[in-house]
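The values are calculated or read from the model by the stated rules, or taken from the named source; none is laboratory data. The structure displayed is predicted, hence computed values, not measured ones. Cβ sites come from the backbone with ideal geometry, for glycine too, and all protein chains shown count toward neighbours.
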């Protein structure tokens, strides 16, 4: 029996790595507030082709991945960051396998509030102010125990 069939993946299903890269593409595009149509225009493609890339149904070539990184202002390695051994082995994670940080179990990057916060953060043009906002948020969330001096500076804007 074929390995793909044993894993419950049909021959026509996207490979787990293609789906993962597509998810990272969608995440970055969404964080930047860019529509599929706008990204398609930048690539000289239809928004339907961008959809296929994001679902992993169409593979992204090396040259296209480089172009996407340039347009979305990320290194090509961004699209592979955080990939698990299961994905590398061809196994698509179930929704229960994701590590969600929110109490309701929803992916925090799928929430509108998160997207608006990130967009607003990147609209802060002054790098020192942006760094202080970052330190302030970390201090308020309790994730900044080691950098108390930086948190103190952030609070003294």
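Among the residues of the stretch 31-52, the ones that are under 23 Å from residue 122 (Cβ atoms) and either assigned to a helix (DSSP H, G or I) or touching a strand residue (DSSP E or B) at 6+ places or on another chain (Cβ under 7 Å) (or both) come to 10 in all. Considering (1) closer than 24 Å to residue 121 by Cα; (2) assigned to a loop (DSSP other than H, G, I, E, B); (3) in contact with a helix residue (DSSP H, G or I) (Cβ under 6 Å, 6 or more places away or on another chain), the lone condition that residue 28 does not fulfil carries the number (2).
Yes/no matrix, rows are residues, columns are (1) in a loop (DSSP other than H, G, I, E, B); (2) modelled with pLDDT under 95; (3) closer than 15 Å to residue 31 by Cβ; (4) in contact with a strand residue (DSSP E or B) (Cβ under 8 Å, 6 or more places away or on another chain):
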{"position": "66", "(1), (2), (3), (4)": "no, no, no, no"}
{"position": "69", "(1), (2), (3), (4)": "no, no, yes, no"}
{"position": "77", "(1), (2), (3), (4)": "no, yes, no, no"}
{"position": "83", "(1), (2), (3), (4)": "yes, yes, no, no"}
{"position": "87", "(1), (2), (3), (4)": "no, yes, no, no"}
{"position": "92", "(1), (2), (3), (4)": "yes, yes, no, no"}
{"position": "104", "(1), (2), (3), (4)": "yes, yes, no, no"}
{"position": "109", "(1), (2), (3), (4)": "no, yes, yes, no"}
{"position": "113", "(1), (2), (3), (4)": "no, yes, yes, no"}
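Figure legend. Inter-residue proximity from the stretch 132-146: first residues within 17 Å of residue 118 (Cβ to Cβ), second residues assigned to a helix (DSSP H, G or I) and modelled with pLDDT of 80 or more, beta-carbon distance below 7 Å, spacing 6+ or different chains. Indicated pairs: 133/121. Listed by first and then second residue, the pairs with beta-carbon distance under 8 Å, at least 6 apart or on different chains, first residue in the stretch 39-66 and at positive phi and in contact (Cβ under 8 Å) with a residue 12 or more places away in the chain, second part of a loop (DSSP other than H, G, I, E, B) and surrounded by 14 or more Cβ atoms within 10 Å (Cβ to Cβ), are 56/14; 56/15. Does the stretch 129-144 include one or more residues that are closer than 17 Å to residue 17 by Cα, touching a helix residue (DSSP H, G or I) at 6+ places or on another chain (Cβ under 9 Å), assigned to a helix (DSSP H, G or I) and at pLDDT 80 or above? The answer is no, given that none of the residues of the stretch 129-144 is closer than 17 Å to residue 17 by Cα, touching a helix residue (DSSP H, G or I) at 6+ places or on another chain (Cβ under 9 Å), assigned to a helix (DSSP H, G or I) and at pLDDT 80 or above.
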